[in-house]
1. In region 334-357, what count of residues is obtained for those that are within 16 Å of G145 (Cα to Cα) and of a type in the set (K, R)?
2. Please determine, by comparing only the residues of region 394-407 that are in a loop (DSSP other than H, G, I, E, B) and within 18 Å of the chain's Cα centre (by Cα), which one is surrounded by the most Cβ atoms within 10 Å (Cβ to Cβ).
3. Out of curiosity, is A110 under 17 Å from the mean Cα position of the chain (by Cα) and surrounded by fewer than 22 Cβ atoms within 10 Å (Cβ to Cβ)?
4. Scan region 86-107 for residues that are surrounded by fewer than 21 Cβ atoms within 10 Å (Cβ to Cβ) and in contact with a strand residue (DSSP E or B) (Cβ under 9 Å, 6 or more places away or on another chain) and report the count.
5. Please indicate, with yes or no, whether at least one residue in region 39-48 is in a helix (DSSP H, G or I), in contact (Cβ under 8 Å) with a residue 60 or more places away in the chain and under 24 Å from T448 (Cα atoms).
6. So which of T146, T104, T142 ends up being at pLDDT 95 or above and touching an Asp or Glu at 6+ places or on another chain (Cβ under 9 Å)?
7. Name the pairs whose Cβ atoms lie under 9 Å apart, with the first residue in region 83-96 and farther than 25 Å from I459 by Cα and in contact (Cβ under 8 Å) with a residue 40 or more places away in the chain, the second in a loop (DSSP other than H, G, I, E, B) and of a type in the set (K, R), and 6 or more positions between them or separate chains?
8. In region 372-391, how many residues are in a helix (DSSP H, G or I) and in contact (Cβ under 8 Å) with a residue 40 or more places away in the chain?
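The values are calculated or read from the model by the stated rules, or taken from the named source; none is laboratory data. These numbers come from a predicted model, not from an experiment. Neighbour counts are summed over all protein chains in view; Cβ atoms, including those assigned to glycine, are modelled from backbone coordinates with ideal geometry.
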Amino acid sequence: MSDPDRPLRLDAPREEALEHAVKLVTEAWRSFDRFRPEEPQLDERVRALLKAGLPHDPAPVHEALDDTARILDESIAQPRPRYFAFIGSSGLEIGAIGDLLAHTYDINLAVDAGAATEIERQAVRWAAEFVGYPATCAGAFTSGGTISNTSALAAAREHALPGSRLEGLEGARPAVYCSAEVHYSITRAIEMLGIGSRQLRAIPLGPARGLVPELLAEAIDRDRAEGITPVAVVATAGTTLTGAIDPLDAIADICEERGVWMHVDGAYGIPAAAVRPELFRGFERARSVSLDAHKWLYLPKACGVVLVRNQEDLVASFAHEQGYLPHQRHELHAVDITFEYSRPFRALKFWLAMRAHGARAFGEAIERNLREAHLLWETVEARPDFEALGEPVLSIVPFRHVPPGVKDVNEHNQRLADALQADGRVWIASALIDDEVYLRPCFVNFRTTEEDVLDLVEIAAEVGERIASA
């Protein structure tokens with residue numbers, strides 16, 4: 001078949017299209033190194049594109065690429081240094097290159113993929129070693145914390161109730177235990193697994209905002225006495241709301257004494273174990289751990305990891321034999337230990353990033369974010385017009401504006417959060433903590449500087465004063 005006869009050809013040589021794409025990517029990377037003075041509005045070109053129907057005829061590839069870059073530039077960009085909302089991604093450059101290469105080869109990790117399969121296994125070991133989990137563990141790269149947590153809890157369910165994946169849960173009375181501020185992905189997971197969110201036991205918080213171990217032990221013992229089967233305890237290593245860490249060592253003791261599966265949701269916080277291991281003591285005793293490398297390891301989404309102490313626990317939950325997927329070499333396929341079927345080569349960007357930068361550089365970047373969080377807390381504490389929830393444990397620092405004369409502080413801070421987003425110099429969201437409205441910045445970006453931190457406070461004060469005096 002000659003080139004003109006091939007389907008799906010571009011109107012320019014592939015090399016030329018790639019060169020143009022590289023130019024656009026380079027411009028984007030340069031722009032991420034500085035903050036935006038404001039968020040751009042949708043321009044007329046983008047508005048017109050949004051109204052267009054399905055294209056039946058091709059557009060010039062250069063035009064299509066330029067339109068794509070325009071759309072992306074007019075979207076909220078998490079990689080920018082003053083994006084402080086939620087728990088963002090930094091879009092590490094070498095990770096984006098890894099994604100390009102992985103998608104170019106279109107590797108599928110459902111079945112044996114040769115070297116790619118071995119690289120994923122190695123990357124799983126590297127991820128475990130980085131955070132201090134036993135390097136003899138097994139696991140897989142996932143789309144993120146929801147799938148990682150669901151996979152781990154599926155293994156816990158099968159361990160606690162053998163055969164439940166085949167027979168279902170009829171007649172069983174399972175329960176899962178967690179902090180009152182557990183991430184909603186845990187609720188989703190147990191709903192999807194048929195356990196039911198009404199069987200999620202939310203244990204009250206102690207002074208450090210972690211669950212109270214004594215109340216956890218009482219809940220498990222009480223359920224057991226009533227014929228209920230404890231499936232798992234989910235300990236959180238860095239809550240999404242405040243960055244709090246559950247008392248992991250005490251939870252591990254309780255789980256080991258009672259033979260209950262301990263899962264650690266470390267999607268956000270567990271990378272900090274590489275530099276603050278004392279905060280996470282006991283997590284290495286867990287049966288399973290989740291980690292999102294697209295959060296505090298700075299990689300582009302999606303790049304989650306689920307780690308389990310024993311591979312057989314995942315095999316028991318997911319392995320199967322189908323005529324279209326024979327185990328010809330008596331070896332496990334990746335699909336035998338994962339929730340997903342067709343699965344891209346997400347591990348490559350993690351592996352490549354560790355090769356290109358080294359683990360030490362990632363630890364230094366995490367340390368820098370921790371210092372930035374502490375700087376914000378110190379700055380806020382020194383001012384009479386702000387108050388912080390408390391000294392940060394990790395890199396989330398809830399604080400609020402409390403100027404004199406404001407009667408409803410909650411309403412004022414909600415208006416402030418909305419006004420800051422409209423202002424656009426920083427991107428931050430509000431959070432409801434103990435029925436109080438706070439601004440909730442999170443520092444997980446390697447591009448953020450101390451200047452960005454200090455400007456966040458100054459901008460919040462400026463906008464807040466304007467609202468208060470209106």
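1. 2
2. V397
3. So A110 does not fit the description; no.
4. 1
5. Within region 39-48, not a single residue is in a helix (DSSP H, G or I), in contact (Cβ under 8 Å) with a residue 60 or more places away in the chain and under 24 Å from T448 (Cα atoms).
6. T142
7. Hits for this filter: G91/K301.
8. The number of residues fulfilling the criteria is 6.
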